[in-house]
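The values are calculated or read from the model by the stated rules, or taken from the named source; none is laboratory data. Since the structure is predicted, the reported quantities are computational estimates derived from the model, not experimental observations. Because the Cβ atoms are built from the backbone with ideal geometry, glycine has one as well, and the counts that use them run over all protein chains shown. Side chains are part of the model used for accessible areas, which takes the heavy atoms of the whole protein and leaves out ligands, DNA and RNA. Shrake-Rupley method; radii C 1.70, N 1.55, O 1.52, S 1.80 Å.
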Amino acid sequence: MAIDDISDRNKHPIQELNILDLSPSKPALILIVDDDLFMRKILVRYLERENYQVVEASDGMEALRIYQECQPDMILLDAMMPILDGFECCSQLQKLPHGDHTPVLIITALEDRESVDRAYEVGASDYVTKPIHWAVLRQRVRRLLDQANLRQQLEAANQQLAIVVQELRRLVSIDGLTQVANRRCLDEYLEQECRRSHREQLPISLVLCDIDFFKNYNDNYGHQEGDRCLQEVAQAIGKSTNRPADLVARYGGEEFAIILPNTDADGGMNVAIRANEIVRSMQLPHAYSKVADHVTISCGVATLFPPQDFQVAHLLKSADRALYLAKAEGRNCVRQNIYLPDEA
């Protein structure tokens, strides 16, 4: 199995986004607000003939209440009403949940510039004047509903797209076999955290883990069992960390890395010892190991207190030296190397 094979691709399908379907699933609900009963009934009859659902309100206060109960798709609002006129009603609608997304068509007998400007200032989407030209009303209602529907489609598509982007970012950061972070993610995160460590003058520790005699394991148990061993060891190492900022990654082959921001030398050793013990406790059979009859790991720990001229390579080099020492001293153990500036 290839190291970077994305094995769970089918678990996270990227669905096709269709943002061009403007057909509503059910007839739009329109709220008519007018204190004139006769005009209100005419509007109701006309809109129902156009296959819209309709609810009514006789004043602005009632309109606000009905809006919150019914969440209409559109509002036809008379400008001149007692108690709460259409302009103030429209202004208050904008403050209600989703009120600024609901199209408002103001119906007014006023056609002066000041009234038209005020209608748009309070949040109206458009206006028609009295006496109503029914063909004009029909087209404006349809246009506003289509625009509102398109906006909803685009918002839904944007939400889905954000989910897809987030999932893609996760996938390109994950090692397909072991499901821990991959080398690319490791390099980026280590660079980021070393810079933070330098900026805030805090220690950072790095643990490199190597499965002991893994080549013997692969050669004798087969690559399929070898892949399963890598997966189980990766998950075991992951259990050694307990902070969201800690990162377990596949360093390459049978090697793993643990990045421990804001962690001193003692903290780094504790995590490495815990990782070593957890892997050992799994008791995965390894008859071809020269240190135990089960799978074990060797760990090298490095801790960096960033000097002015530090580089990420310094921390990696220091951890690699510690890992080399662990292997030289018999494997299945943890060794530590504290980086000094003159080591670079």
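Here is how the numbers come out for the structure above:
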quantity	calculated
Scan of the stretch 73-90 for residues that are within 12 Å of A63 (Cα to Cα) and either touching a Gly at 6+ places or on another chain (Cβ under 9 Å) or surrounded by fewer than 17 Cβ atoms within 10 Å (Cβ to Cβ) (or both), ordered by number	L77, D78, M81, I83, L84, D85, G86, E88, C89, C90
Counted residues, the stretch 315-329 - those being touching a residue at least 60 places away in the same chain (Cβ under 8 Å) and open to solvent by 70 Å² or more (accessible area, probe 1.4 Å)	1
Test set (1) under 41 Å from the mean Cα position of the chain (by Cα); (2) assigned to a helix (DSSP H, G or I); (3) buried (at least 18 other Cβ atoms within 10 Å of the Cβ) - R151 fails condition number	(3)
Yes/no for R183 being open to solvent by 50 Å² or more (accessible area, probe 1.4 Å), under 23 Å from A322 (Cα atoms), in contact (Cβ under 8 Å) with a residue 24 or more places away in the chain and touching a strand residue (DSSP E or B) at 6+ places or on another chain (Cβ under 8 Å)	yes
Identity of the residue in the stretch 33-54, in a helix (DSSP H, G or I) and either open to solvent by 60 Å² or more (accessible area, probe 1.4 Å) or in contact with a Ser or Thr (Cβ under 6 Å, 6 or more places away or on another chain) (or both), that ends up nearest to C70 (Cα to Cα)	E48
Selection count, the stretch 169-180, where residues are closer than 18 Å to P244 by Cα, in contact with a strand residue (DSSP E or B) (Cβ under 8 Å, 6 or more places away or on another chain) and not β-branched (V, I, T)	1
Check on Y127, open to solvent by less than 70 Å² (accessible area, probe 1.4 Å) and among the aromatic types (F, W, Y)	yes
Criterion: of a type outside the set (G, A, S) and open to solvent by 20 Å² or more (accessible area, probe 1.4 Å) - qualifying residue of V271, V279, V295, V312	V312
Qualifying residue in the stretch 201-215 (condition: part of a helix (DSSP H, G or I), of a type outside the set (K, R) and open to solvent by 20 Å² or more (accessible area, probe 1.4 Å))	no
Single residue of the stretch 196-219 satisfying the filter (in contact with a Leu (Cβ under 8 Å, 6 or more places away or on another chain) and of a type in the set (S, T, Y)) that is farthest from Y288 (Cα to Cα)	S197
The stretch 249-268: number of residues that are within 27 Å of the chain's Cα centre (by Cα) and open to solvent by less than 20 Å² (accessible area, probe 1.4 Å)	8
Lone unmet requirement of (1) open to solvent by less than 20 Å² (accessible area, probe 1.4 Å); (2) in a helix (DSSP H, G or I); (3) touching a residue at least 24 places away in the same chain (Cβ under 8 Å) for G226	(3)
Candidates V116, V136, V172, filtered to the one that is loosely packed, with under 13 Cβ neighbours inside 10 Å, more than 38 Å from the chain's Cα centre (by Cα) and assigned to a helix (DSSP H, G or I)	V136
